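Working notes, structure below.
The values are calculated or read from the model by the stated rules, or taken from the named source; none is laboratory data. None of these values were measured; they are calculated from a predicted model. Cβ sites come from the backbone with ideal geometry, for glycine too, and all protein chains shown count toward neighbours. For accessibility, only protein heavy atoms count, side chains too; no ligands or nucleic acids. Shrake-Rupley method; radii C 1.70, N 1.55, O 1.52, S 1.80 Å.
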Amino acid sequence: MAEGGNQPPREPPANLQGLLQMAITAGHAEPGPLEPMSDERRQWLQEAMAQAFRGQVEEVEQMKECLRVLEALSPAGDGGETSEPAEGDPSHQAHALELLAELCENLDNAADFCKLDGMRLLAHRYLEHPAPELRWRAAHLVGTCSQNVPKVQEQALALGCMRKLLRLLDHDSADAVRVKALFAISCLVRAQEAGLQQFLRLDGFSVLMRAMQSPVQKLKVKSAFLLQNLLLDHPEHKETLCSMGMVQQLVALVRTEHSPFHEHVLGALCSLVTDFPPGVRACQEPQLALEELLRERCQLLQQQEEFQEELEFCERLQRVCFQMPPEDSSMDR
């Protein structure tokens, strides 16, 4: 009998993806005569299905075990339990958070993590844990779970994660915590209107500006990048930013010692003046001396291939703010 009839393949696929690939391959095979399914074939198919779905079940069990570790409470002096997480060596909780972050890269696992009440545990305990390593891992896990999963984003927002993450970004003493808090904030505001509204209500743009003034290079770059993208995705907030003095703040940042961070600052400035005459007028204020600054920066960046995108931003700002009439101040995206 030719292979592909009632004779099963030698080994079942290891996971659901393998089973799907097998079905696709079988669908392209030459059709043969219809025959009753043999007991051997039926048993093989049952084993293949069980093995393919076992991985997902095992991952849910792994998440449950991680949550048991994270939920463990420290014993009280009288032999009872306190309502506080176990302190001292946080390595067990750190390992649990790390494994959960790996598992929740899978969107189905991220949804299951929330069904298991994991997001509540992060919001109510670990985002404010005394150990910095657990705070940054918790923030990272909030962001990982929230990427492109609206239901998870909604739950994180309902649990108050945005307020806590903004507080971490603004005030935490550990740089790693601030960087991961910014990552999580980005995951909650990009393509998520409810998240953006919370961000605005909690004065998130001011927090973002302060992060851009941080001495931590990674934080500066990521803050400027998020601002640039928010301006591109939500141009309706340009007026708010202009009234906050964002143009003046961004120009001041461009005047600091040159670094790759300036590419994103100038990109944000370009976004702020695109199709927005008040932004152009703010850039033209004489006390900013932006035209001279842009001219000097263009000279600095000429023939430096690694800074070509920053050079393009400078040239576009020159063209829009200082070579066109204000009423015609639009830029090609």
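Out of (1) in contact with a Pro (Cβ under 8 Å, 6 or more places away or on another chain); (2) crowded, with 19+ Cβ neighbours inside 10 Å; (3) closer than 26 Å to L231 by Cα, the odd one out for K180 is which?
The one condition K180 does not meet is (1).
Would you say V179 is over 23 Å from L290 (Cα atoms), aliphatic (A, V, I, L, M) and modelled with pLDDT under 95?
Numbers: over 23 Å from L290 (Cα atoms): yes; aliphatic (A, V, I, L, M): yes; modelled with pLDDT under 95: no.
For V179, the condition - over 23 Å from L290 (Cα atoms), aliphatic (A, V, I, L, M) and modelled with pLDDT under 95 - is not met.
In the range 251-271, which residues are open to solvent by 20 Å² or more (accessible area, probe 1.4 Å), touching a residue at least 40 places away in the same chain (Cβ under 8 Å) and assigned to a helix (DSSP H, G or I)?
Within the range 251-271, E263, H264 qualify.
Here is a list: D170, D175. Which entry is in contact (Cβ under 8 Å) with a residue 40 or more places away in the chain, out of contact with any strand residue (DSSP E or B) (no Cβ under 9 Å at 6 or more places or on another chain) and open to solvent by 50 Å² or more (accessible area, probe 1.4 Å)?
Numbers: D170 fails: open to solvent by 50 Å² or more (accessible area, probe 1.4 Å).
Selected residue: D175, the only one of D170, D175 that is in contact (Cβ under 8 Å) with a residue 40 or more places away in the chain, out of contact with any strand residue (DSSP E or B) (no Cβ under 9 Å at 6 or more places or on another chain) and open to solvent by 50 Å² or more (accessible area, probe 1.4 Å).
Within the range 137-167, count every residue that is among the small types (G, A, S) and over 20 Å from A94 (Cα atoms). Step through it out loud before you land on a result.
At the first step, the residues of the range 137-167 found to be among the small types (G, A, S) are 138-139, 143, 146, 156, 158, 160.
Next, from what is left, pick out any that are over 20 Å from A94 (Cα atoms): 156, 158, 160.
Within the range 137-167, residues that are among the small types (G, A, S) and over 20 Å from A94 (Cα atoms) number 3.
In the range 272-308, what residues are open to solvent by 10 Å² or more (accessible area, probe 1.4 Å), part of a helix (DSSP H, G or I) and under 19 Å from L232 (Cβ atoms)?
P277, P278, A282, listed by residue number.
If we scan the range 211-224, do we find a residue that is of a type in the set (S, T, N, Q), within 15 Å of the chain's Cα centre (by Cα) and closer than 19 Å to L122 by Cβ? Can you show your working first?
As a first pass, look at the range 211-224 and keep what is of a type in the set (S, T, N, Q): 213-214, 217, 223.
Of the ones still in play, those that are also within 15 Å of the chain's Cα centre (by Cα) are 223.
Then drop every residue that is not closer than 19 Å to L122 by Cβ, which leaves none.
No, that holds for no residue.
Could you list, in sequence order, all residues of the range 171-191 that are assigned to a loop (DSSP other than H, G, I, E, B) and either farther than 13 Å from G143 by Cα or hydrophobic (A, V, I, L, M, F, W, C) (or both)?
Kept after step one, since they are assigned to a loop (DSSP other than H, G, I, E, B), are these residues of the range 171-191: 172-174, 190-191.
The answer is D172, S173, A174, A191.
Given (1) within 16 Å of the chain's Cα centre (by Cα); (2) over 18 Å from H124 (Cα atoms), where does C161 come up short, assuming only one miss?
Condition not satisfied by C161: (2).
Does the range 196-226 hold any residues that are assigned to a loop (DSSP other than H, G, I, E, B) and open to solvent by 10 Å² or more (accessible area, probe 1.4 Å), and which are they?
Taking the range 196-226 and keeping what is assigned to a loop (DSSP other than H, G, I, E, B), we get 202-203, 213-216.
The answer is L202, D203, Q213, P215, V216.
Could you identify the single residue in V149, V142 that is at pLDDT below 95, closer than 21 Å to V60 by Cβ and open to solvent by less than 40 Å² (accessible area, probe 1.4 Å)? Outline the logic, then answer.
Numbers: V142 fails: at pLDDT below 95.
When all the criteria are applied, what remains is V149.
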